[in-house]
Amino acid sequence: MPDLLGWLSYGSFFLVFASSFAIIALGLNLQWGFTGLFNVGVAGFVALGAYTSALLTTPETADHIGGFGWPVALGWLAAMGVSGLAGLLVGALALRLRHDYLAITTFGIAVTIQLVANNATRLTGGPFGVQFIPKPMQAWLGTGLAWNLAYLTLSLLLLGLAYLALEKLVRSPWGRVLRAIREDEDAAASLGKRAFLFRLQSFVIGSMLMGLGGAVYAHFVGYIAPEDFLPILTFQLWAMLIVGGSGNNRGAILGAFVVWIFWAGAGALLRGWIPAAEQARAAALQVVLIGVLIALMLVLRPRGLLGEEIAVSRHVGDKAPPV
Amino acid sequence: MLQIVADGLIIGSVIALGAIGLSLTLSIVRFSNFSHGELLGWGGYFALSALALFGAASEGMGTPIGPFSFGWVMLGALLVACVLTAVLALALDHVLFRRLRRQGAITLVIASFGAALALRNLLLFWYGGVPQYYSQNLQISIPLVSRDVLGGLRITPDQLFVLALCLVAVTALHLFLRHSTLGRSMRASAINPNLARVAGIDPERVLRATWIIGGVLAAVAGVFSGITVQLRPTMGVDLLLPLFAAVILGGIGSVWGAVLGGFIVGLAESASVSIVGAEYRAAAAFVVLILILLVRPTGLFGEKH
């Protein structure tokens, strides 16, 4: 049954991509959905994570600096650390100002990271990127379907872990403060909540998840290049969050899978429909389609497929203490 | 040294013209329009198509006027580009932004980010990714200052034309905003939209005027960029960061601030080319942006928020 194997192989490939997107979308959801912070540089934070982990874990090479041969797990932690640090810097600069500044600054940092990835050849390998990124567990499982499925399990596990942790966070008092600040900063401030600090924490945690998502992607493909982290990536993630429903972690995950299916499906259809010589144009049209999808969603169903859940303290139902 | 300044001023005039429109949208329509860069790109390509249409009747860019590489046909194409880009800006507002205005500024920013990607990829779809030029003729630059004085200065007539027309456009806009009724209504709406409405100013009319002015200036900037550099489908997004840096540097809503900011970012870019090399040029705008956020986030001429 070669067909079934082919499907299984393609399916696991597809799902690993979708779950690394879902991890990033969860990070974006914390920033935007729960805190109202607009990050236009998602691709930059993802790229930072992917490159950090790749450079730390690859075997030594003459092509570029790096290649420290670290264990993959450490690389992933470092990826979260570096992306989080970038989030801290950007947040410290822009989060005190009106919201447009955060959008513009994050856009700027993504452009700059893209520039460095492309040009600092000694560090990043330039346009050729980083190759031979180690695939964890490959020593036992080989390169075949077994490894794909194992990696899929691992990335789903990480996704589940991120989901549970975030659910815990946003339902905690901390999460309620975030939403309070998002809805009415003055009211939250009058209760003694320092909006800037809460925003910064949320922004940094979100950035860390983006870095992790990038690293999960990098170690699955085994090869990264600057063109993997173009602004279109930022846009896909926004599409995922908006379609799924921002302010809802399950929505973010659902959106990641739905939009990824839509994206891959539209790409396959267009490739079949447009002659081979015009493939670059087909890719352009694919982006236009997803642009139209997001615009339609914003106009017709702004709350997304799932929409925000009302989360209240788990103590609300309890009997009031005797006065 | 002189050459760096001259190059910076020419890049700067493109940035300045784009930044004015972006600044007006930010202060009057009240959101960061990430699709503004695409208006520059579309303006540039509209002129290319108009040129091709006219070119069927005449030769290329027409007989050159004086020392310039282009003829009257090019000016006609510029005019067509201005009209079409203004229409495009209005259409975008009508189809997308107007429907989302009630949902708040951030929804508009997301929508503009999506619109930018769609617009850019439509350009890529229609015109292809290969850079294009209005004219295949190479223009010889004239030495203005000899090489002994501060490294000398060479400039093409086209570049001088771009610089001069930029200053004319900015002055005209300044007079319009200062002295015409519509211009005053625009400034009033920027400062206090509710008060402006109470005073009988039609907000829709002000918004329309803002989009038209932004579109026209973007088209001029796009065509200038096409004349002095080249036309690429990605020119809009490449210019977006310099535009934002110029707007914030100058202070949101200030026309002269945007112009000054544009020239400063342009100078920073041309200086960075000679200091760290052309490949990091785009980062110059980011450095300017970070510096201004650190030192004076309201910009040079901005008001406190």
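Readers should treat all values here as calculations from the given coordinates under stated rules, not as data from a laboratory. Source: prediction; values computed, not measured. All Cβ positions, even for glycine, are placed from backbone atoms using ideal geometry, and neighbour counts span all protein chains on display.
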Legend entry - Long-range HN-HN contacts of B:Leu144 with modeled amide H, under 5 Å: B:Leu153, B:Arg154, B:Ile155
Inset, instruction - Determine, for each peptide in B:30-39, A:156-165, the mean count of other beta carbons within 10 angstrom over its residues, then list the peptides with the highest first. - result: B:30-39, A:156-165
Inset, instruction - With the convex hull built on the Cα atoms of the stretch B:148-237, state its orientation-averaged projected area in nm². - result: 8.7 nm²
Inset, instruction - Based on other C-beta atoms within 10 Å, arrange A:His219, B:His94, B:His174, A:His99 from fewest to most. - result: B:His94, B:His174, A:His99, A:His219
Inset, instruction - Compute the acute angle (0 to 90°) between the alpha-carbon long axis of helix B:72-92 and the principal axis of greatest extent of the alpha-carbon atoms of chain B; round to the nearest 10°. - result: 30 degrees
Legend entry - Positive-end extreme of charge dipole, the stretch B:6-102 - chosen from B:Ala77, B:Leu90, B:Ala47 (charges on Cβ): B:Leu90
Inset, instruction - Rank the residues A:Glu278, A:Glu183 as a footprinting-exposure proxy: fewest other Cβ atoms within 10 Å of their Cβ go first. - result: A:Glu183, A:Glu278
Inset, instruction - Could you work out the equivalent-ellipsoid semi-axes for the protein assembly as shown, taking the square root of 5 times each eigenvalue of the Cα gyration tensor, largest first, in whole Å? - result: 42, 31, 24
Legend entry - Karplus (6.51, -1.76, 1.60) ³J(HN,Hα), θ = phi - 60°, over the stretch A:141-156, in Hz, Gly and Pro reported as x: 9, x, 9, x, 4, 4, 5, 3, 5, 5, 5, 4, 4, 4, 6, 5
Inset, instruction - Name the long-range amide H neighbours of A:Ile224: under 5 Å, sequence gap of 5 or more, or other chain; modelled H, no Pro or chain starts. - result: A:Val130
Inset, instruction - Work out how far the C-alpha atoms of the stretch A:1-92 reach from end to end along every principal axis, then list the three figures in whole Å, largest first. - result: 56, 41, 20
Inset, instruction - Of the options A:Leu141, A:Gly87, A:Ser202, report the single residue whose Cα projects farthest towards the positive end of the charge dipole of the stretch A:2-227 (beta-carbon charges: Lys, Arg +1; Asp, Glu -1). - result: A:Ser202
Inset, instruction - Would you work out the relative contact order for chain B, in percent, from Cα pairs under 8 angstrom that are 6 or more residues apart? - result: 36 percent
Legend entry - Efficiency of FRET between A:Thr61 and A:Glu227 - r from beta-carbon atoms, R0 22 angstrom, step 0.05: 0.60
Inset, instruction - Note down the relative contact order for the stretch A:2-227 as a percent, whole number, built from C-alpha pairs under 8 angstrom at least six residues apart. - result: 41 percent
Inset, instruction - For the stretch A:2-227, take the alpha-carbon Rg, divide it by the Kirkwood Rh, and send me Rg/Rh. - result: 1.02
Inset, instruction - Grab every C-alpha pair in the stretch A:96-213, bin the distances at 10 angstrom width from 0 up to the longest one, and report whole percents. - result: 10, 25, 27, 23, 12, 2
Legend entry - Inter-centroid distance (Cα atoms) of the stretch A:55-129 relative to the stretch A:197-213, Å: 14 Å
Legend entry - Descending semi-axes in Å of chain B, equivalent ellipsoid built from Cα gyration tensor: 31, 24, 18
Inset, instruction - Work out the mean other chain Cβ neighbour count within 10 Å for the residues of B:90-99 and drop it here as an integer. - result: 1
Legend entry - Residues B:Cys166, B:Cys82 arranged by fewest to most Cβ contacts within 10 Å: B:Cys82, B:Cys166
Legend entry - 11 Å beta-carbon shell around B:Thr234, net charge (K/R +1, D/E -1): 0
Legend entry - Average beta-carbon neighbours from other chains, 10 Å sphere, peptide B:283-295: 4
Inset, instruction - May I ask you to evaluate 6.51 cos²θ - 1.76 cosθ + 1.60, the Karplus curve with θ = phi - 60°, for each residue of the stretch A:231-248 and list the ³J(HN,Hα) values in order in whole Hz, giving x for glycine and proline? - result: x, 4, 5, 3, 5, 4, 5, 4, 4, 4, 5, 6, 5, x, x, 6, x, 9
Inset, instruction - Just tell me how shielded B:117-129 is by partners: mean number of partner chain Cβ atoms within 10 Å of each residue's Cβ, no decimals. - result: 6
Legend entry - Relative contact order computed over the stretch A:21-153 (Cα-Cα under 8 Å; 6+ residues apart), in percent: 26 percent
